[in-house]
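Notes to accompany the following structure.
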């Protein structure tokens, strides 16, 4: 009879336990429980409302409950960090924009992540911006605006943004840099104060998304439209020229887009399931109706994971380049 030494016995025990250890180390299959969609802003905002329109369709695709978790603060970065701190299984996702995922870590010291720590799993639509002026502004086109900015003895115009490092700040600086003219940045805390001072002729210009109240502000004459930051006119504002119709500022393209994100380390199968569910949700009649009413364009068909990765990478590099051009520093 052979004698089994301690080393052999230990190896045998380890081999026996190995399969169980491997199963225990694996992430649970997605979806296996309630999915939390983190939104980096309070309930009632545009991102929050969009999430609640999409959720019934995501629940149907996944066969699990889906909840919205509002985690506001620090330009959306607290919400992003909450998602990144969770187990990378797909049961905690983040719904947001490039402002949360790309610009926040460039402008806010407490945002300790990089855009590459996230993966865009589903692209849910975009809206253009419209350059608007105060009602008393004596400029009627983008070419008029650029000529004024370049004129040696003209009064320096001011533009409002939603804060240093925001997409609105970067658009203003992009216009300033491309034109080679003068333009004074005035940071505000949110859209409400910007609109109030714009209507009251306290600030000259702003860049507003073609969504929500913007169309009503223009059509009522409370603000003056200058140009859309897209390649063509928008059906919501057919009377407003695009930047590509100008002589001086062709290619001044900027959009705000919304996407569903997971961690970069999310397993491939979970990523595929999230992408498929999002692409189904954004083509439903309910979501398309909501998007049309709010000035958002939706891709048809939705972006694949590969297309989403390229889109996110390209936009990240564009925003980083703009941030470098204005020497943006995290505060």
Expected sort for 91-97, 53-59, 41-47 on mean C-beta neighbours within 10 Å, highest first, is 91-97, 53-59, 41-47
Angle in degrees between helix 46-62 and the longest Cα principal axis of the chain, rounded to the nearest 10: 30 degrees
With -39,500 (n - 2.57) per DSSP H segment of 4 or more residues and division by the full residue count of the chain, the 222 nm estimate, nearest 500 deg cm²/dmol, is -12500 deg cm²/dmol
Could you tell me how many degrees, from 0 to 90 and to the nearest 10, lie between the Cα long axis of helix 167-179 and the main elongation axis, the longest principal axis, of the Cα atoms of the chain? 50 degrees
For region 128-245: relative contact order, % (alpha-carbon pairs under 8 angstrom, 6 or more apart): 38 percent
Taking Cα atoms, how many degrees apart are the long axis of helix 268-281 and the longest axis of the chain, rounded to 10 and kept between 0 and 90? 40 degrees
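From Cα pairs below 8 angstrom and at least 6 apart in sequence, can you work out the relative contact order of the chain, rounded to a whole percent?
Relative CO of the chain lands at 24 percent.
Every read-out reported here was derived from the displayed coordinates using simple, explicitly stated rules and does not represent laboratory data. Not measured: the values here are computed from a predicted model. Reconstructed Cβ throughout: ideal geometry from the backbone, glycine too, with neighbour counts over all protein chains shown.
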